[in-house]
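Trainee: This is the structure I want to talk about, given as structure tokens.
Each value in this text was obtained by applying a stated rule to the coordinates, not by laboratory testing. Source: prediction; values computed, not measured. Positions of Cβ are generated from backbone atoms using ideal geometry, with glycine treated the same way; all protein chains shown enter the neighbour counts.
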Amino acid sequence: MFICKECGYTSPKWFSQCPVCGAIGKAVKFEEKKGRGGVKPVEIGNLRPQKERRISSGIPSLDRVLGGGIVAGSFILIGGEPGVGKSTLMLQLASNFKGNVVYVSGEESPYQIGSRAMRLRIREGIKLICETEWEPIEEGVVNEKPDLVIFDSLQTFRISGMNSPAGSISQVKTISDRIFSISKKEGITSIIIGHVTKEGSIAGPRLLEHVVDVVLYFEGEISRNFRIIRAVKNRFGPTDEIAVFEMREDSLREIENPSNYFLSGDFSPGVSIFPAVEGKTPILLEVQALVVPTSLPSSPRRFSLGVDPYRVGMMIGVIEKHTNINFASRDVYLNVSGGIRVKETAVDLPVVLSLLSSYLRISLPAGAFSFGEISLSGKVINPSRRELRLKEARRLGYKFAVVPPGDKIERLKFIELSYINEARRIFK
């Protein structure tokens with residue numbers, strides 16, 4: 001067998017140029033190890049579940065997203081756009097973590113990190129390695145044997161024996177494999193920071209997300225103060241929880257009641273209130289729509305931030321079919337407050353009500369909120385966790401629930417809609 005020293009491609013035949021990475025003259029011969037009698041299968045019924053040993057990160061909302069804390073010896077990847085605050089969050093985690101922590105930085109000098117640590121009031125005792133060559137980094141981490149090691153960021157490190165530059169696919173893949181090996185063999189919990197590309201994925205091979213135990217995305221618009229941590233993969237817990245933070249000059253501060261931060265109290269035409277549920281956390285959001293005459297009759301604009309643009313287009317089609325309102329001569333702009341992206345279909349009804357409100361130039365009743373999935377036939381369907389949404393809206397002082405028919409709770413007035421064509425009566 002022959003293997004490419006650059007990317008690891010293997011072939012039974014010798015090759016002068018690698019068909020995968022294009023490297024020339026990098027093929028070397030190697031001998032495959034023979035089997036040692038095979039591996040004996042294990043009966044699943046004889047296995048007993050073992051409870052993972054968890055360690056608190058010192059940040060309660062992050063512990064909740066992780067499923068109850070950091071699992072000892074796990075391999076965690078946190079991705080986000082440059083400048084969103086990943087390094088700040090990791091320094092705060094290192095400061096709050098009860099144990100021996102090594103922080104490895106390939107992006108900043110010790111003085112830059114020290115300056116940020118003073119601003120964040122980071123505790124003493126965190127050990128720092130500022131280096132980009134992987135071999136001394138690995139040796140230093142293994143010799144130190146910390147409880148937690150943070151690598152900031154993955155794209156800055158390189159193995160000197162490989163000709164490819166730092167951040168290349170072969171470098172990122174090989175280094176992540178080495179970190180994985182350290183985590184599992186030495187029992188060291190490892191967190192790596194990865195930058196997100198313009199397409200919204202973590203830079204490097206997609207395989208990287210399959211290797212790690214947990215993938216977290218740190219989201220938020222740099223121009224705004226809100227940041228959200230969302231788990232997209234978690235072998236030890238849920239993947240539908242979020243944590244909300246506020247970026248301040250001296251730290252990232254947890255927001256215990258996010259709803260208060262995402263509501264402006266504005267009940268102008270085009271605004272509807274939606275009680276979203278992320279994991280176990282209900283959050284009230286504003287769905288804001290602007291419907292105006294278009295200057296391009298042949299192709300009116302359709303822009304959506306926070307809700308899938310294709311779903312918004314589908315809701316426009318449902319409105320046109322079942323309410324005799326035509327958007328062909330209108331530009332449509334839709335936005336969700338706080339820069340949050342809503343993935344659940346329960347946002348359908350708030351989207352429709354916002355569009356109708358802006359089109360008709362009539363506000364929804366003050367103190368009203370709504371939720372409900374809408375089918376193509378125009379039927380309004382109850383989403384999951386109805387009672388949780390109702391209770392959160394009531395707790396924040398909202399009085400009118402515009403929802404599909406279903407169970408009711410006290411101290412709320414209900415405007416029940418079975419089909420979307422019934423929504424016109426709200427605006428009379």
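Trainee: Hey, with R₀ at 22 Å, roughly what FRET efficiency would GLU416 and LEU376 work out to, going by the Cβ-Cβ distance, to 0.05?
Mentor: 0.60
Trainee: Compute the Rg to Rh ratio over the chain from the alpha carbon atoms, using the Kirkwood formula for Rh, and round to two decimal places.
Mentor: Ratio of gyration radius to Kirkwood radius: 1.06.
Trainee: Enumerate the amide H contacts of ILE283 below 5 Å, restricted to partners 5 or more residues apart or on another chain; note that Pro and chain-start residues carry no placed amide H.
Mentor: ALA276, VAL277, GLU278
Trainee: Measure up LYS5/LYS40; LYS280/LYS428; LYS40/LYS98; LYS343/LYS391; LYS5/LYS51; LYS184/LYS343 against 31 Å on the Cα-Cα distance and list the ones that go over.
Mentor: Those over the limit are LYS5/LYS40; LYS280/LYS428; LYS40/LYS98; LYS5/LYS51; LYS184/LYS343.
Trainee: Still on this structure, please answer the following. For the chain, what is the calculated [θ] at 222 nm in deg cm²/dmol (nearest 500), taking -39500 (n - 2.57) for each run of four or more DSSP H residues and dividing by its residue count?
Mentor: For the chain, the value works out to -7500 deg cm²/dmol.
Trainee: Also, quick follow-up: Which of GLY22, GLY339, GLY372 ends up with the largest GNM mean-square fluctuation for the chain, with Cα atoms connected below 10 Å?
Mentor: It is GLY22.
Trainee: Next up: Treat each spin label as a single point 7 Å out from the Cα along the C-beta direction, and report the LYS428 to LEU128 distance in nm.
Mentor: The answer from the label model is 6.9 nm.
Trainee: Then there's this: Want the number for SER384 to LYS5: 0.36 nm per residue separation, take away the alpha-carbon distance, what's left?
Mentor: Full extension of this stretch gives 131.3 nm more.
Trainee: Just to be sure I understand: with springs between alpha-carbon atoms less than 10 Å apart, which residue in LEU417, LEU296, LEU360 has the highest mean-square fluctuation in the Gaussian network model of the chain?
Mentor: In this elastic network of the chain, the residue with the biggest mean-square fluctuation among LEU417, LEU296, LEU360 is LEU296.
Trainee: While we're looking at this one, here's another question. To the nearest 10 degrees, how steep is helix 86-96 against the longest Cα principal axis of the chain, on a 0 to 90 scale?
Mentor: The angle comes out at about 70 degrees.
Trainee: Okay, moving on. Output the 0 to 90 degree angle, nearest 10, between the alpha-carbon long axis of helix 309-323 and the longest principal axis computed from the alpha carbons of the chain.
Mentor: Roughly 20 degrees between the two axes.
Trainee: Name the shape class, rounded, prolate or oblate, that the alpha-carbon gyration tensor gives for the range 8-167, where a ≥ b ≥ c are the square roots of its eigenvalues, rounded holds for a/c under 1.5, and otherwise prolate holds if a/b is larger than b/c and oblate otherwise.
Mentor: Oblate.
Trainee: Roughly how tilted is helix 134-144, in degrees to the nearest 10 and between 0 and 90, from the longest Cα axis of the chain?
Mentor: 90
Trainee: What does the convex hull of the Cα atoms come to per residue for the range 260-427, in Å³?
Mentor: 101
Trainee: Rounded, prolate or oblate, given the Cα gyration tensor of the range 53-256, with a/c below 1.5 counting as rounded?
Mentor: rounded
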